[in-house]
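J.: Sharing a structure here in structure tokens format.
Derivation of every value follows stated rules applied to the coordinates shown; laboratory data play no part. For clarity, every value in this text was computed on a predicted model and none was experimentally measured. Heads up, the Cβs are rebuilt from the backbone with ideal geometry, glycines too, and the neighbour counts pull from every protein chain shown.
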């Protein structure tokens, strides 16, 4: 009887210890997805914009500290710190397609950190059809699509060149070139949530270039089992107890 009681106590101790560790892991995972703060709050947020080539980009954010701590700002693009952009206002002159993407700002004090929600900056004409030389013409622009999960999706563009030059294509997602996507049609095989985003295609020849309008792809019928933030799904953790091995462990659910 005493032996059985000791075994039960050991099992309960392992169970409690593992549950505490798992809770800490889950908290850490969700904090990667979205930061929160007791002391800090935003009073002004940056907003999404559509800019033409050569325009200037201004993004502004303002935060306040209830404890009246000094605030520092750090802007990020696509999750990466932007060197030198440490003021309330982000300024980029003469924007190009390289400046297109997701932006946020991280505010810190000696005691706390808070990150804003992401905004999307689109660069380039949203209705352009001809390049500056008048050679390339986009006769059919891509259009925004909502795909069902697991189906085959398609974005397409049609273009001509009056000089008779060979036309090339390069598709972009969220401002980043998609490897191998170099035809006038972009297929999505077995659509998943990772295909969601903003797309455009650069149509070019050896002597001229033209960018299509930017379109949005969304995916319907996907259920997130983890933490959601900005239409993305992040990994969650669940607790399980392995009776046969008398060990407790955390299982990574893997998001979708």
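J.: Quick check on the exposure proxy: order 214, 43 from fewest to most C-beta atoms within 10 angstrom.
T.: 43, 214
J.: Using the 10 angstrom Cβ neighbour count as an exposure proxy, how do 108, 166, 72 rank, fewest first?
T.: With the fewest neighbours first, 108, 166, 72 line up as 166, 72, 108.
J.: Any number yet on Rg/Rh for segment 136-220, C-alpha, Kirkwood?
T.: 1.00
J.: Above 22 Å lies some portion of the pair distances; for segment 40-124, what is it as a whole percent of all C-alpha pairs?
T.: 24
J.: Among 103, 60, what is the fewest-to-most ranking by other Cβ atoms within 10 Å?
T.: 60, 103
J.: Please report the relative contact order for segment 40-124, taking Cα pairs under 8 Å with a sequence separation of at least 6, and give it as a percent rounded to a whole number.
T.: Working: 187 pairs, mean separation 31.2, N = 85.
Once normalised by length, the contact order is 37 percent.
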